[in-house]
Each structure stands twice: as structure tokens, then as C-alpha cells.
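Presented below is the structure to which this report refers.
The values are calculated or read from the model by the stated rules, or taken from the named source; none is laboratory data. Because the structure is predicted, anything quoted here is derived from the model rather than measured. Here the Cβ positions follow ideal geometry from the backbone for every residue, glycine too, while neighbour counts run over all protein chains shown.
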Amino acid sequence: MNSSKNKPKKKRTRIKTKIFVPLLFVTAILILTYIFPRQSSFKYTFSEGRPWQYGLLTAPFDFPIYKPANQLKAEQDSILEYYEPYFEVNDDVEINSLANFDTDVNLNTRLSELSPEYKLYIRKSLNEVYKTGIMRSDDYDRIQKSKTGALRLRKGNIAESRDIESFYTIRSAYEKVLNNTPEGIYDSVLKSANINEYIQENIIYDASFSEKARLEFIQQVDISRGMVQQGQRIIDQGEIVDSRTYNILSSLKQVSDERSGGASKSTWKLIGQFVLILFMLSSFYLYLLYFRPHEWRNRMHVIFMLLLIVLFVGLTALTVHLDLFNVYIIPFTIVTILIRTFIDSRTALFASLITIILSSLMVQFPFEFIVLQISATMVSIFMLKELSERSQLIRSSFFILFTYSFVYLGLVMYQEGNVAEANWVMLIYFLINFILIMFSYSLIYLVEKSFGFISGVTLVELSNINKPLLKELSEKTPGTFQHSLQVSNLAVAAAIKLGANASLIRTGALYHDIGKMVNPAFFTENQAPGMNPHEGLPFEESARIIINHVKDGVKIAQKNNIPQQIIDFIETHHATSMPKYFYNSWKNANPGKEANEDNFRYPGPNPFTKEGAIMMMADSVEAASRSLPLYNEETIRQLVDKIIDAQLNEGYFKSAPITFRDVQTVKNVFVDKLMTIYHTRIAYPELVKS
């Protein structure tokens, strides 16, 4: 009944996914196109001390040989030692200060009580220091320490050079007023007048004019040293790029960038980048659509994979654009490790190739980059065939470090013919990369919490029977615990045969009946002989107690932070079936009446994964097999066929990606395993006493 309700819901979700997933890819394509650095028209990559990898290069046009940045800066710094900053006189400061003094002489008793000689001296002294000029102490100290020890004082359009010693600071102006008093004027009286209130800076730094003059000053330094004529030979293949040639190539690259700055060419470059990114991500989209449809329908998996690709390609673009650090520090194999951990090896390889190829379009020496990164990617996949222990990540990190170093030295010997030509700093970059990869275990935990994924390591930890929840299950419900172990064995054997996730189904089987801990005595496997608490209870009440072990199990799992993938097994292991014992008993006790099936039906939902379907079959078969009066291949096969065929007929597996061939395989596995479990033991002979 409920299975039919699931069908429209699934259809609506599929329609939304057909819009949502392509929209994600379009968004990723636009983001990558936006962050992709705009490549120059200079199509060569080169490095000082390395051989030229291309053919003969001649100058395509006349261009200057620009001085290296460090040399140009040194020459500019040298000439700037003779630069004098510009200041201007703010006459309003003097006018306002003297006006304030004159006002206070009439209104402030502190000044009005002074004798006329003091008032006249103070005003005259203030006028003198303002005429000389007062400036900020830090400006004064900075110019005093300069090579010229002078500044340019600008008045209108005229600027004259003045020695810094000819100016006052606020402190020296105040001391000048106090220390140069004529006879009869006492500095103690002057101090009580608070003269410092009327002394302010009137020589102000002119920032805009100074900066303009500074730029004109450093323009006296020639930015180039010589010219290269069109057609002139620059370098040929195999020649080492020395410092002089490097400078010429850098100048040619700079001029080429300037000459190719037209809007039309930039537009074509942008279109080219968009086409390349579109092709790469479209290939990944089609791979998921045709070869991994389950992953294509999983929105969180698609978001996760695209986020990794955009993040690492974006980090590469940022590194190349801002020249932050060497690109080999970026741990590209983390893309492989994370996708391999949560999805599968082929998808991890495909996503890593997309990331590497897009990143190679931005780096120097793309051939070396691709060879090194693909080698490390393949090794990381080989080493993480089945991630179930922390030590595997640590071991794979060492193998990745070895691969980087080994392949790099191989490339050097292939290209240079001598291992001595290797750039040993690269090994330091690889070591930093190795350290970052070591943190991938922490990333796995963060991804699990952020995206709701579950890794093999987590499954192994959860399936440890010494975990508190499983230990409690074994103590409170020993019969249920044994049942869970047997179901786990059956389900794992079938999962391995079908290529399903055996680790996931093993863990799900161990937890699927934890809800029985709430009322353990109401389940037959936990009842002592002669004890049946259902006796005297209405059939509806007994059914409710039995059915509630699913809801109780979900609550217990959520309280103990069990991942949703395991909770799915708790919810689906009975699907929307009925506890037939109580339903049939009610029908027999109430002939001719219609039962309210909602009182006798599990809440579901029906299994929607291959692992969930296997789990439901294993649970039902294992429970029913305990009631067989005779164990042989015929009786066991009849039981298995009867139970699983009934589940098929009820439509419990319609939402699960499982075929009739898969179901038949599961049946055969169950028969073989049950034959092994219930095999007949030989009778040991009694010792005959003589």
C-alpha cells in the first residue's frame, strides 16, 4: 500500500534532480571561468637555470630590455635619497592662534592679570615662531634623518628648499619662547600663562603634491637597458636560460602582454577558457549520468565533488595569479582520497583528472605537472582500495611522497640527462605536500559531519561489538544480539556476491534491532521457556509493541549520534510489512470483521538501496529459519523462496535498485550459508566400559 505512495514522490524528486544537477554544473563552469587567470599571448614558459624546451626563438618585433625589478628598485631607491618632500604654510593657524590669545588676554584672568610687558613679549614671540614655521615632530625627525636634511616649502606656485634646522617643532617653539626672555621677564610667570595652547603646527605636509613630485623624480631612472631588434636571435632549444636571457624573455613577455591587451583578443581568450572548462565538466557530467547514475541522482555527492574541483582549481588559480607559493605544495591527492573514501575509485580518478588537467592550463611546465600529479593520484587510489584503518592514510601519504620524488627525479634524468640538474628545493615542496595530506584524516571527519557521509573507517568503528550501544544490546537482549550477528553474516555474504557495500550492511545489521532493548521480553528470541508476556494482551497492543521497536530504534540511534545511513536500515528492515502472527490471530478471532491495517503495519519506508533490500531479506529469513523442524537443503530452500517471493509480491523492493537475478543470487547465498550454520553434527560414541 505504502509502496504505491512512494512512486509519485520518487518521480517528483527525479524531475527536480534533472534540473538541479545540471544547474550545479553550470554554476561550477561559470565560477571556474571567472576565477581562471587570463593567460598572456606569450605562449612560452621558462625558468632561470632550466633548458629552453622550445625551438629557435627570434624577436618578433623591436622591444626594450627592461631592467630586473630588484635592480630598478635599487636605482630608484638610490635617487630617492636626494628627494625632498613638499610642505606648505597654513596661514590660518597663525591667525587663529593669535586671535585666541588676544581674546584670552581680555577675558581670561590668567592672562589679563599679566603686566603689559609679558603680554607684548608673548605675542611677539608667537608671531616670530609662526613666521619661522612649526611642524610635526615625526615629520621633523624623518627629514632630519634623510640624506639631504631639507624640504621644499611651497607658497603658491613657488617652492624653495629649506634646511630642516630652520624650523621648529611644538616643543622647540615653546622652549624658544621660554629660554630667550629679555631682562625682567621670568619663565616661571610665562609657564603659568599656558603658552603651549597657542602653539600649533603651521607647516603641513602636502601629500598629493609630494607623491606627484616623487613619481616625476624616480622617472629620471631609465627602466630599460638596451633594445632587441626584430629578427634578432634570443635562444634555441636545449640552451640554458641564464640571467641575461631570462631578463630578455621576461621583457618580451611583458611587451607581448601589453601589445595583446585589446578587447577582442581578451574576449576570445575568455571564450577559449570557457570552452575548455565546459568540455571538461561536461565530460564529468556525462560520466556520472551514464556510468554512475546513482551518484548523479545523489545531490550531496554531486555538490561535494564539484566543490572539491572548484576549490582546488581555484586555489591553483589564486596561487599562480598572486604567486603565493609553489603549486606542488597544493595536495591535489586529497581530491582523490576524499572522493575514493566516500564514493568509489573510478569516480575519484575521473574527478582528479579533471582537476589536474584544468590546473595544468595555469601552471608553468604543464607536462611535468600532469605527469607528477597523475602518478600520485594513481598511487593514492591503489593504496586506498578499501579504507578501513587510519594507518592506511598514513601509509599512503608516505607512498605519495615517494612517488612525487621518484617520478620527479625520473623526469629530470629524462630531460636533462643528469640527476645533478634536479632542483632539490622541489623535495621540500613535496615534503610540505606530504604533511598536508597527513591531515586528510581530519578532513574525512569534517566531511562526514558536514555532508552526512559515512566512511569505511567509521563503519569499522561502529561495528566494534565493544561499542557501548552494542554492548548494551548484547546484555539486555542476548537473543536479539545473536540474531543480529547471524543477519550480519547472511547479509554480508550476499552483499559481497552482488558487489554491494559489505561494510555498510554489516554495521546496519548489527544496529537494526536496537529498538528491542526498550521491551526485550516481548520478542521471542529473548524469552525464557514458558514465558510469554503477550498472553492476555489484545492482539492490537501486542502488534503495537512489536512495531514500535522500529521507532524506538530510531530514537536510540539518534540519541547516540548514529549516522543516518545506519538509521535507514533500522527504518527499512521491515519496510511497510505486517507482523503476520498478530494480524492473522486477530482475523481468526474476529471472523467477518475488517481489521484496521494501520494498527498492524510497520511505518516503513520500503528499502530504497540494494543494501537495504538485502538486509530486509536476511532479517526475515534468519528469523524464520529458527522455526524449521528439519534442516536440510530442501526445507531451507523452500523457506527462503517462500519468504523472499512473498516480499517481492508485496512490492517491498520496487524502490530499491535490485534485479530479479540479484534476488536469485541472494537466495542461493542464503541457502548455502544456512546449510553451513545448521549442518548436522556427528554423534560422539559413548565409551564402552569393559
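Matching residues to (1) of a type outside the set (Ser, Thr, Tyr); (2) free of Cβ contacts under 8 Å to residues at least 12 places away in the same chain; (3) closer than 28 Å to Leu648 by Cβ; (4) not in a helix (DSSP H, G or I):
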| position | (1), (2), (3), (4) |
| --- | --- |
| Leu537 | yes, yes, no, yes |
| His549 | yes, no, yes, no |
| Ile556 | yes, no, no, no |
| Lys587 | yes, yes, yes, no |
(request) Check Leu431, Leu409, Leu469, Leu401 and return the single one that is under 30 Å from Thr524 (Cα atoms), of a type in the set (A, V, I, L, M, F, W, C) and not in a loop (DSSP other than H, G, I, E, B). (result) Leu469
(request) Please work out if Ala595 is in the same structural domain as Leu490 (by TED's automatic domain parsing) and part of a loop (DSSP other than H, G, I, E, B). (result) yes
(message) Take Lys471 and tell me if it is among the basic types (Lys, Arg) and either surrounded by 14 or more Cβ atoms within 10 Å (Cβ to Cβ) or in contact with a helix residue (DSSP H, G or I) (Cβ under 7 Å, 6 or more places away or on another chain) (or both).
(response) no
(request) Hey, could you check the stretch 630-678 for residues that are aliphatic (A, V, I, L, M), under 13 Å from Leu498 (Cβ atoms) and out of contact with any Ser or Thr (no Cβ under 8 Å at 6 or more places or on another chain) and say which is surrounded by the fewest Cβ atoms within 10 Å (Cβ to Cβ)? (result) Val663
(request) Go through the stretch 207-251 and count every residue that is of a type in the set (Gly, Ala, Ser) and either in contact with a Gly (Cβ under 8 Å, 6 or more places away or on another chain) or assigned to a loop (DSSP other than H, G, I, E, B) (or both). (result) 2
(request) For Val663, indicate whether it is at pLDDT 90 or above, within 26 Å of Leu504 (Cβ to Cβ), of a type in the set (Val, Ile, Thr) and more than 44 Å from the chain's Cα centre (by Cα). (result) no
(message) Please count how many residues of the stretch 509-532 are assigned to a helix (DSSP H, G or I) and either modelled with pLDDT under 90 or among the β-branched types (Val, Ile, Thr) (or both).
(response) 7
(request) Identify the residue in the stretch 434-453 that is part of a helix (DSSP H, G or I) and in contact (Cβ under 8 Å) with a residue 60 or more places away in the chain and, among all such residues, is farthest from Thr341 (Cα to Cα). (result) Leu436
(request) Output yes when any residue across the stretch 214-221 is touching a residue at least 40 places away in the same chain (Cβ under 8 Å) and either exposed (fewer than 12 other Cβ atoms within 10 Å of the Cβ) or more than 30 Å from Phe87 (Cα to Cα) (or both), and no when none is. (result) yes
(message) What's the total number of residues in the stretch 153-191 that are of a type in the set (Gly, Ala, Ser) and either surrounded by 13 or more Cβ atoms within 10 Å (Cβ to Cβ) or over 30 Å from Ala213 (Cα atoms) (or both)?
(response) 5
(message) Checking the condition surrounded by 12 or more Cβ atoms within 10 Å (Cβ to Cβ), within 30 Å of Ser360 (Cβ to Cβ) and touching a Lys or Arg at 6+ places or on another chain (Cβ under 9 Å), which residue from Tyr66, Tyr86 passes?
(response) Tyr66
(request) Please enumerate the residues belonging to the stretch 619-653 that are assigned to a helix (DSSP H, G or I), within 15 Å of Gln486 (Cβ to Cβ) and among the hydroxyl-bearing types (Ser, Thr, Tyr). (result) Ser620, Ser625
(request) Those residues that are closer than 17 Å to Glu525 by Cβ and either in contact with a Phe, Trp or Tyr (Cβ under 9 Å, 6 or more places away or on another chain) or among the hydroxyl-bearing types (Ser, Thr, Tyr) (or both), I need them from the stretch 620-638; list them, please. (result) Ser620, Val621, Glu622, Ser625, Ser627, Leu628
(request) Give the residue, chosen from Ile271, Ile337, Ile303, Ile356, that is buried (at least 20 other Cβ atoms within 10 Å of the Cβ) and either over 30 Å from Arg50 (Cα atoms) or of a type in the set (Asp, Glu) (or both). (result) Ile337
(request) Output the residues belonging to the stretch 101-133 that are outside any helix (DSSP H, G or I) and either without any contact (Cβ under 8 Å) to a residue 40 or more places away in the chain or in contact with a Ser or Thr (Cβ under 8 Å, 6 or more places away or on another chain) (or both). (result) Asn108, Glu113, Ser115, Gly133
(request) Check Tyr602 against each of (1) touching a His at 6+ places or on another chain (Cβ under 8 Å); (2) assigned to a helix (DSSP H, G or I); (3) not β-branched (Val, Ile, Thr) and name the one condition it does not meet. (result) (2)
(message) Quick check on my filter: what residues within the stretch 164-196 are closer than 27 Å to Ser115 by Cβ, free of Cβ contacts under 8 Å to residues at least 40 places away in the same chain and not in a loop (DSSP other than H, G, I, E, B)?
(response) Tyr168, Ile170, Arg171, Ser172, Tyr174, Glu175, Leu178, Asn179, Asp187, Ser188, Lys191, Asn196
